[in-house]
Amino acid sequence: MMLHSKVHTSRASVPRSAKSAVPFSGARRGASVRVSASMAAVAGVTVKPVPTKPYEGQKTGTSGLRKKTKEFMQPNYLANWVQSLFSALGDEVKGKSLGLGGDGRYYGKEAAQIIIKLAAGNGFKKVVVGQDALMATPAASALIRRRHLYGGLIMSASHNPGGPDNDFGIKFNYNSGEPAPERITDKIFGETSKVATLNMADIPDVDLSKIGVTKFGEFEVEVVDPVADYLAQLKEVFDFALLKKFLSRKDFSMVFDAMHAVTGPYGKRILVEELGAPASAVLNGVPSPDFNGGHPDPNLTYAEELVKIMWADKAPAFGAASDGDGDRNMILGHKFFVNPSDSVALIAANAQSCIPYFKGGLKGVARSMPTSGALDRVAEALKVPFFETPTGWKFFGNLMDAGKCSVCGEESFGTGGDHIREKDGLFAVLAWLSILAFRNKDVPEGGKLVTVADVCTEHWKKYGRNFFSRYDYEECASADADKMVAHLREVIAKSKPGDKIGEFTLATADDFEYTDPIDGSKASKQGLRFVFTDGSRIIFRLSGTGSSGATIRMYIEQYTADPAKLMLDAQVALGPIIKVALDLSQLQKFTGRERPTVIT
Ligand code: VG1
Ligand code: CO
């Protein structure tokens, strides 16, 4: 390529109307051209400045930007956001390596090609991408950490349905593998409102179906096995030999439902090939661009195939499912559902004895605000620091980086550890299998196995039980949801400690605000909560992951230490407080909804 000393290569100086490619030299040692630090791309790559216009509303929600796939497929829609991200990151990205992958949903492969061109055009030296553009969210976090990448882009709308008529999404994770904090996402949003030029490298599409390296000048794309780094990470956490031995018991069987999403290949490789489970243990294990028309959200409503299997009279001892991008998990025993708020508490309580990575003890634990207080009790018993954060995994990253949190979780089927910086579906599965393996190590084959239900009931006997339920009212009219929120704010403003609401006495009512203990950043308006004197709670939030309308989430919690009540059905135990919550919010009046779309 010719050296072109007159060409300014900083982003700002790229002519907006330029139609032709702008060739430029790279930072070649001894070259006579002075290369500016803000040069747009690496040597040997031609940058084509593509003029563009901002789209409204490209604001990152709880976890990345999620919109209808058709919105994402509009000209430059995805490119605008990615360019805005790179612009927000600035010169820092020059010469760095970027991870890339997604949950296999519709439009992922095309999106990957656009992102690779923008990465090259904005000065990244390398993109490490999962084969066929696949990469589970926890695997992307592991990849970033293990390969010391600058960061990574994950193409996923997680548990939202996929396909041309459903959702697509994208999010950026930083160099310790954590979802970008709000100071970055705010900056990206700022850039999206003024983006005018896309720095696209003029390179052909890369064959993502073959593992290997493709070079364009000094820029390279490495296609990698999306499972390998993640598997290596999990091997540093769990005792694979012990798990393999446990799974080989003839009196134990399990089933893992990948829900036609990204974890199929992970489940097959880890559970079947590494740990010796039969191939039939992985259900729906082939990733499909529209999740086979399903809703890849592992809960009792959407994982109905698995639920049917586990509620049959003859069933496997252990059942699990994960979501679209593999960061969520649902854990089931025979006819038994483990509430995610209990799951994280249980994993924390058993981590030190059952999981090698935690054998030195936990540095601390954390949960999102709406998640039940079961974990708080474990933290107290273990005498470790405890943190309550807003909803969304991005708030755990700082705590983990600062060495203050080893295990954390959310009520929304998210559980994780500080081995990576994302919630991790298969981590939860292996954690539960580790607990079961440990508890059954002295039970002879054919003896009475300690079950998932046994582990939970013993936990409740020791700590008491935090009954918990979440009601989701999906796709309400936004105006209605806003009116309900405004009404609740008025109720909060008028309320005072000691007020009687139904049979409950109010301790506090507020709009949750969080100050990050590490960097002091503040997040406000993170959920309206009513906390009662007996520790019961009612919380309302609007979802930040939907792509249309408003989803209202109502979270209900009540604690009991009464042995006679421990085994009650959660909906029965929570009946009275649920009624109070509905009366207080007048949800039915505001939304016209008689009942929720999903109950957890
Ligand atoms: C939901 C959950 C939240 C979770 C987020 C991303 O957010 O409530 O706990 O972190 O999804 O999960 P919201 O704003 O809709 O309540 V995932 O697996 O969709 O990345
Ligand atoms: Co997810």
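The values are calculated or read from the model by the stated rules, or taken from the named source; none is laboratory data. Not measured: the values here are computed from a predicted model. Backbone-built Cβ (ideal geometry, glycine too); neighbour counts: all protein chains shown. These accessible areas exclude ligands, DNA and RNA; they are computed on the full protein's heavy atoms, side chains included. Shrake-Rupley method; radii C 1.70, N 1.55, O 1.52, S 1.80 Å.
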Which condition number in (1) part of a helix (DSSP H, G or I); (2) modelled with pLDDT under 95 is the one that residue 507 fails?
(1)
Could you tell me which numbered condition residue 230 fails, if it satisfies all but one of (1) more than 16 Å from ligand 2 (Cβ to nearest atom); (2) touching a residue at least 12 places away in the same chain (Cβ under 8 Å); (3) within 21 Å of the chain's Cα centre (by Cα)?
(1)
Find all pairs meeting these conditions: Cβ atoms under 8 angstrom apart; at least six residues apart or on different chains; first residue within region 578-600 and closer than 23 Å to residue 504 by Cβ; second residue open to solvent by 70 Å² or more (accessible area, probe 1.4 Å).
580/503; 582/588; 588/594; 590/483
Could you list all residues from region 373-405 that are away from ligand 1 (no atom under 15 Å from the Cβ), small (Gly, Ala, Ser) and touching a residue at least 40 places away in the same chain (Cβ under 8 Å)?
373, 374, 381, 402, 403
What are the residue pairs meeting all of these: first residue in region 57-80, first residue β-branched (Val, Ile, Thr), second residue within 15 Å of ligand 2 (Cβ to nearest atom), Cβ atoms under 7 Å, and 6 or more apart or on different chains?
62/391; 62/392; 62/544; 62/545; 69/166; 69/167; 69/168
Region 56-72: number of residues that are surrounded by fewer than 17 Cβ atoms within 10 Å (Cβ to Cβ) and farther than 20 Å from residue 542 by Cβ:
1
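Condition check ((1) open to solvent by 50 Å² or more (accessible area, probe 1.4 Å); (2) farther than 17 Å from residue 465 by Cα) across all residues:
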residue: 500; (1), (2): yes, yes
residue: 508; (1), (2): yes, yes
residue: 512; (1), (2): no, yes
residue: 517; (1), (2): yes, yes
residue: 555; (1), (2): no, no
residue: 563; (1), (2): yes, no
residue: 587; (1), (2): no, yes
residue: 598; (1), (2): no, yes
One residue is enough: does region 484-494 have a residue meeting the conditions modelled with pLDDT under 95 and acidic (Asp, Glu)?
yes
Condition check: modelled with pLDDT under 95 and in a helix (DSSP H, G or I). Does residue 78 satisfy that?
no
Quick check, is residue 48 modelled with pLDDT under 95 and either more than 16 Å from ligand 1 (Cβ to nearest atom) or surrounded by fewer than 19 Cβ atoms within 10 Å (Cβ to Cβ) (or both)?
yes
Out of 56, 71, 92, I need the residue that is modelled with pLDDT of 90 or more, of a type in the set (Asp, Glu) and closer than 20 Å to residue 180 by Cα. Which one?
92
Condition first: of a type in the set (Gly, Ala, Ser), away from ligand 1 (no atom under 16 Å from the Cβ) and part of a helix (DSSP H, G or I). Can you find one or more residues in region 283-298 that meet it?
yes
Could you identify the single residue in 543, 495, 524 that is more than 16 Å from ligand 1 (Cβ to nearest atom) and touching a strand residue (DSSP E or B) at 6+ places or on another chain (Cβ under 9 Å)?
495
Based on this model, can you work out whether residue 580 counts as open to solvent by 70 Å² or more (accessible area, probe 1.4 Å) and either within 30 Å of residue 72 (Cα to Cα) or not in a strand (DSSP E or B) (or both)?
no
With 176, 209 as the choices, which residue is of a type in the set (S, T, N, Q), surrounded by fewer than 23 Cβ atoms within 10 Å (Cβ to Cβ) and over 27 Å from residue 288 (Cα atoms)?
176
Considering region 262-273 alone, what residues qualify as being open to solvent by less than 10 Å² (accessible area, probe 1.4 Å) and touching a strand residue (DSSP E or B) at 6+ places or on another chain (Cβ under 7 Å)?
262, 263, 264, 267, 271
Quick check, is residue 255 modelled with pLDDT of 95 or more and more than 26 Å from residue 413 (Cα to Cα)?
no
Look at residue 155 and say whether it is under 11 Å from residue 229 (Cβ atoms) and either in contact with a helix residue (DSSP H, G or I) (Cβ under 7 Å, 6 or more places away or on another chain) or aliphatic (A, V, I, L, M) (or both).
no
Odd one out for residue 173, checked against (1) in contact with a helix residue (DSSP H, G or I) (Cβ under 8 Å, 6 or more places away or on another chain); (2) more than 29 Å from residue 274 (Cβ to Cβ):
(2)
Looking at region 252-265, which of its residues are closer than 28 Å to residue 132 by Cβ and either hydrophobic (A, V, I, L, M, F, W, C) or not in a helix (DSSP H, G or I) (or both)?
254, 255, 256, 257, 258, 259, 260, 261, 262
Cβ-Cβ under 9 Å, sequence separation 6+ or interchain: first residue in region 320-349 and under 26 Å from residue 361 (Cβ atoms) and away from ligand 2 (no atom under 16 Å from the Cβ), partner hydroxyl-bearing (Ser, Thr, Tyr) and open to solvent by 10 Å² or more (accessible area, probe 1.4 Å). Which pairs?
339/600; 345/463; 349/463
Which ranges mark the strands (runs of 3 or more DSSP E) fully within region 95-199 that have 1 or more residues being modelled with pLDDT of 95 or more, acidic (Asp, Glu) and away from ligand 1 (no atom under 16 Å from the Cβ)?
126-134
Could you tell me which residue of region 274-306 is most open to solvent (accessible area, probe 1.4 Å), considering only residues that are among the charged types (D, E, K, R) and in contact (Cβ under 8 Å) with a residue 12 or more places away in the chain?
305
Of the residues 114, 170, 203, only one is over 18 Å from residue 74 (Cα atoms) and either among the aliphatic types (A, V, I, L, M) or buried (at least 19 other Cβ atoms within 10 Å of the Cβ) (or both); which?
203
I'm trying to understand the selection: among the residues of region 212-251, which are buried (at least 20 other Cβ atoms within 10 Å of the Cβ), in a loop (DSSP other than H, G, I, E, B) and of a type outside the set (A, V, I, L, M)?
226, 238
